[in-house]
Ligand SMILES: [Zn+2]
Ligand SMILES: [Zn+2]
Ligand SMILES: [Zn+2]
């Protein structure tokens with residue numbers, strides 16, 4: 001016999017850990033107890049050594065769905081002869097209140113709750129707010145710390161005796177599940193008409209369904225905000241929704257009953273299936289089924305788009321809707337007007353969605369934190385991609401268990417947090433190529449935030465990184481953890497910025513982390529930069545400015561746990577450069593603490609500044625003029641007047657900053673090849689260029705030059721980087737257009753050329769003593785085709801290549817990169833002071 005005291009750190013409180021330990025210990029017939037102990041779980045267990053080994057291993061490997069284990073350690077104690085196992089209540093008063101060290105993301109309804117929801121004999125049969133310790137709302141209902149019912153939007157609902165008994169019983173699945181409730185004591189549904197006036201309904205689910213089947217548009221209150229829902233089959237109503245929402249072409253997501261229903265419309269492989277069914281339940285972008293016959297979704301759901309955003313039901317309310325009509329796929333798009341942040345409060349939703357929604361399905365459980373659906377693309381697993389250093393064959397990042405057996409008594413699961421994804425599935429790791437998650441996050445929000453991501457080094461002081469401007473997120477750094485926020489939208493929107501300020505404050509309370517310093521982008525006009533400066537001077541906080549593309553690079557390094565010099569290929573739309581130009585086609589060499597701009601795409605003018613983003617033909621013209629190709633390629637479609645005016649802007653540099661942007665080069669080629677001259681949503685031209693290229697076989701590349709800095713005065717003195725000259729490519733494209741080459745072929749050759757440029761530049765750097773590790777970051781790498789091709793050619797040439805799989809490559813990832821840079825600086829300054 002042996003007795004061990006076992007300590008478990010990580011997300012282990014408020015996630016059903018004690019009942020889980022109790023169950024496991026009882027099954028293994030161990031004696032002892034479990035209790036919460038100052039942010040960790042403490043267990044004392046007695047039994048024979050082999051069983052205890054098994055117990056410890058299972059604790060680490062099969063924790064409850066929401067637990068994230070960082071470390072398990074144990075030591076021996078004297079045997080007490082205990083045969084029974086018990087749950088000890090926390091020592092009240094021993095260390096005061098327990099700080100909520102971690103807050104879980106919201107979790108999709110678990111199988112147990114789903115079973116009860118469908119069981120006529122269960123007291124929560126068809127109750128739309130059923131949840132337990134393993135599922136339900138979390139981040140979206142939290143109002144403060146520590147996490148308990150009083151500090152959630154469930155505070156106003158007093159538990160009935162039955163619910164209270166479950167809540168108090170350590171053996172119950174609802175033990176300390178803060179949102180526990182039932183029909184007698186919990187929230188209720190309510191129907192509102194198009195003007196927001198309540199109307200009676202015996203069964204709001206049926207009323208809603210009836211409306212949806214009758215081609216109406218219903219605003220449905222979800223977990224993190226309102227959705228606008230309508231039948232996804234019916235072209236007329238989808239068009240009506242577009243018209244009312246003022247959304248021309250940006251794709252809508254749909255929700256379907258289950259994977260079988262998803263297969264009716266899309267290709268669903270094993271990885272996609274696991275992702276769709278994961279407890280995070282993101283929107284997965286899936287390839288539309290091309291086979292003829294059978295039903296298809298209305299064309300207007302995602303016009304001209306070869307893929308479709310699909311998600312499965314994730315709240316009991318969704319399940320009830322689909323149980324009643326499993327065959328009806330629903331458009332479920334954010335409840336907003338055009339690009340505003342989604343509505344999440346009942347009154348606000350009525351005010352803003354009046355005229356869009358024919359009726360509202362609401363309830364009286366408030367949403368405190370607005371949280372959009374997360375969006376993920378899948379990348380075919382590439383066998384060539386490098387596994388994480390030092391962990392051959394194991395996955396990496398947030399989702400991993402990295403076992404390093406330091407001694408017999410400790411299993412360390414750091415620096416990343418282990419993650420079990422519910423239902424025993426490991427999302428994104430189902431393929432044969434272990435260690436390469438197929439996920440490419442496009443938006444990381446509901447279901448993921450605020451799960452911590454490991455930093456390369458510990459923050460010596462609490463740090464806030466405020467991110468960028470578009471796709472806003474912030475990140476709070478506490479020790480080795482980065483708490484990257486949910487998606488906040490574009491901060492030039494007043495509503496979004498208000499949410500940013502409010503949610504920063506909330507996270508600081510939740511994670512008990514008042515920052516001593518703020519990290520921000522160098523762009524003086526970003527709302528986040530202004531916030532940092534204002535707050536910095538008001539509170540006397542240290543400010544750290546980080547260059548935009550350096551933050552992109554660091555973000556990809558951090559999530560891949562790289563800690564060596566790399567080549568950072570930072571390709572995006574726009575970012576503030578050190579020379580005042582708009583950067584975006586950058587090859588950086590460096591690490592967290594410093595970088596050198598080793599190469600970049602040749603500068604061209606960006607006529608009209610941001611207007612050029614909405615009108616890709618302007619970039620086409622700028623590139624044509626730069627390559628001395630005239631404007632004849634655009635004359636068919638753009639009026640002479642426009643061409644003349646914008647041409648003059650380019651010549652004189654009037655309101656036309658210089659840019660090396662790769663994203664704008666994609667726009668230019670999309671316009672040149674006749675795909676799109678104007679966009680109705682950000683990145684549309686580049687996305688369509690990718691679609692077209694994806695369906696076209698490889699057929700060569702275009703010429704380009706890599707030259708050292710030209711002597712002309714345009715690229716002034718300080719810039720010692722190489723220039724990638726894209727003029728030969730533009731000239732070739734113009735020639736091919738004249739010869740009648742198809743847009744599809746041009747699109748494909750262009751993608752191959754960009755991959756080739758990346759390879760050639762990286763190779764040149766390696767040959768001159770640079771690193772052989774490459775990270776791909778920036779919004780351009782949301783392009784799956786380019787990402788895959790770049791990885792393929794680089795890997796074949798002996799490079800180790802890393803891409804994003806935890807945070808999006810776009811500006812939503814900046815906050816993580818900024819934080820990683822600040823943390824790494826702490827480490828170097830600590831090392832410096834030690835050596836002195
Ligand atoms: Zn549950
Ligand atoms: Zn109750
Ligand atoms: Zn960027």
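The values are calculated or read from the model by the stated rules, or taken from the named source; none is laboratory data. All values derive from a computational prediction rather than experimental measurement. Virtual Cβ from ideal backbone geometry, glycine too; neighbours counted across all protein chains shown.
What the table shows:
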item	result
Of all residues making up segment 672-687, the number that are part of a helix (DSSP H, G or I) and buried (at least 22 other Cβ atoms within 10 Å of the Cβ)	3
Condition broken by residue 649, with the remaining ones in (1) surrounded by fewer than 24 Cβ atoms within 10 Å (Cβ to Cβ); (2) more than 16 Å from ligand 3 (Cβ to nearest atom); (3) closer than 29 Å to residue 770 by Cβ satisfied	(3)
Test result for residue 486, part of a loop (DSSP other than H, G, I, E, B) and either within 16 Å of ligand 1 (Cβ to nearest atom) or surrounded by 22 or more Cβ atoms within 10 Å (Cβ to Cβ) (or both)	yes
From the options 144, 136, residue that is more than 16 Å from ligand 1 (Cβ to nearest atom), more than 15 Å from residue 13 (Cα to Cα) and under 24 Å from the mean Cα position of the chain (by Cα)	144
Filtered residues of segment 577-606 (kept if buried (at least 24 other Cβ atoms within 10 Å of the Cβ), part of a loop (DSSP other than H, G, I, E, B) and assigned by TED's automatic domain parsing to the domain that holds residue 621)	577, 606
Test set (1) out of contact with any strand residue (DSSP E or B) (no Cβ under 8 Å at 6 or more places or on another chain); (2) within 16 Å of ligand 1 (Cβ to nearest atom) - residue 159 fails condition number	(2)
Meets criteria (within 12 Å of ligand 2 (Cβ to nearest atom), over 22 Å from residue 445 (Cβ atoms) and touching a helix residue (DSSP H, G or I) at 6+ places or on another chain (Cβ under 8 Å)) for residue 159	yes
Matching entry among 455, 476 (being in contact with a helix residue (DSSP H, G or I) (Cβ under 8 Å, 6 or more places away or on another chain), under 17 Å from residue 553 (Cβ atoms) and part of a strand (DSSP E or B))	455
Test: residue 105 is more than 13 Å from ligand 2 (Cβ to nearest atom), assigned to a loop (DSSP other than H, G, I, E, B), under 25 Å from the mean Cα position of the chain (by Cα) and under 27 Å from residue 504 (Cα atoms)	yes
Residue list for segment 767-786, restricted to those being in contact (Cβ under 8 Å) with a residue 60 or more places away in the chain and assigned to a helix (DSSP H, G or I)	779, 780, 781, 782, 784, 785, 786
Members of segment 468-497 found to be within 16 Å of ligand 3 (Cβ to nearest atom) and either farther than 17 Å from residue 531 by Cα or out of contact with any strand residue (DSSP E or B) (no Cβ under 7 Å at 6 or more places or on another chain) (or both), listed by number	469, 470, 471, 484, 487, 492
Residues that are crowded, with 19+ Cβ neighbours inside 10 Å and either within 13 Å of ligand 2 (Cβ to nearest atom) or over 18 Å from residue 16 (Cβ atoms) (or both), drawn from segment 167-181	174, 177, 179, 180, 181
Residue match in segment 547-559 (condition: away from ligand 3 (no atom under 14 Å from the Cβ) and over 22 Å from the mean Cα position of the chain (by Cα))	no
Any hit, segment 625-642, residues being in the same structural domain as residue 676 (by TED's automatic domain parsing), modelled with pLDDT of 95 or more, surrounded by fewer than 21 Cβ atoms within 10 Å (Cβ to Cβ) and part of a strand (DSSP E or B)	no
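Yes or no, residue by residue, for (1) part of a helix (DSSP H, G or I); (2) within 13 Å of residue 464 (Cβ to Cβ):
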site	(1), (2)
495	yes, no
505	yes, yes
508	yes, yes
514	no, yes
519	no, yes
531	yes, yes
549	yes, no
554	yes, no
575	no, no
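A quick yes/no check of all residues on (1) under 30 Å from the mean Cα position of the chain (by Cα); (2) more than 30 Å from residue 491 (Cα to Cα); (3) away from ligand 3 (no atom under 16 Å from the Cβ); (4) in a helix (DSSP H, G or I):
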residue	(1), (2), (3), (4)
733	no, yes, yes, yes
736	no, yes, yes, yes
750	yes, yes, yes, yes
764	no, yes, yes, yes
788	yes, yes, yes, yes
794	yes, yes, yes, yes
825	yes, no, yes, yes
